[in-house]
Amino acid sequence: MRIKLVSAMLLLAVGVAPVAIAADKYPKKAYDATYEMVGSTGSSTVRMGSDGKGKTLMESSSGTYKTTTISDYNAKKATSLLHAQKMMTVMPFDPDASATDEESMKKKNAKSLGVKMVAGRNCKGWSYAFKGGDSEVWSDVSGDFLVKSTTNSSGTKTTMTLKSIKDGAPPAAAFAIPADYKKIGQ
């Protein structure tokens, strides 16, 4: 069950979590948001944030299990931290993969779902297919943060919905890579 949860979190972290405007741009708005993620393994709390300077984070916790993915738009890498195991993976990060601007979505052959209110926010929506699944993504019309996403991948449906958001970046420590974590893979 934990492997499915980690897989779902990593898919979301690299695929839809950091909402970008274009490959050479990153979310300029510093924010700290909380989401509810519901999937086949149950529900969990997700924290997403941006420092407004090129780094985004996604923390997911379920019970005592916690993972964090820090995406660095400038270095084009994503570091995923598995806290209980004190391990990390570092992967290439393609900012285009998570972009929800019109040009990027058209490259994905996405269908515009128009503009509507989602979770009390004015949002622009897109639906698109990818290898092994499909996604529906609603982002605030400002383009700086995700409001709701529904992803179907490998027979698993995962939905994330914004619960709260604060202006301002998470503390700098939230973007720090612990020195004592062991790098695994790649």
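Side notes on the structure shown:
- Test: residue in segment 124-131 that is free of Cβ contacts under 8 Å to residues at least 24 places away in the same chain and under 23 Å from Lys28 (Cα atoms): yes
- Listed by first and then second residue, the pairs linking a residue in segment 108-121 that is part of a strand (DSSP E or B) to a residue that is among the hydrophobic types (A, V, I, L, M, F, W, C) and surrounded by fewer than 14 Cβ atoms within 10 Å (Cβ to Cβ), with Cβ atoms under 7 Å apart and 6 or more places separating them unless they lie on different chains, are Val115/Val141.
- Single unsatisfied condition, Lys148 versus (1) over 24 Å from Thr34 (Cα atoms); (2) free of Cβ contacts under 8 Å to residues at least 40 places away in the same chain: (1)
- Answer from Thr89, Thr67 - the residue that is surrounded by 21 or more Cβ atoms within 10 Å (Cβ to Cβ) and not basic (Lys, Arg): Thr67
- The listed residue being exposed (fewer than 13 other Cβ atoms within 10 Å of the Cβ), among the aliphatic types (A, V, I, L, M) and either touching a Phe, Trp or Tyr at 6+ places or on another chain (Cβ under 8 Å) or under 20 Å from Asp51 (Cβ atoms) (or both), out of Ala173, Ala169, Ala78: Ala173
- The residues listed here are Thr56, Thr68; of these, the one that is under 22 Å from Thr158 (Cβ atoms), in contact with a strand residue (DSSP E or B) (Cβ under 9 Å, 6 or more places away or on another chain) and at pLDDT 95 or above is Thr68.
The values are calculated or read from the model by the stated rules, or taken from the named source; none is laboratory data. Since this is a predicted model, take the numbers as computed values, not measurements. Ideal geometry is used to build each Cβ from the backbone, glycine not excepted, and the neighbour counts take in all protein chains shown.
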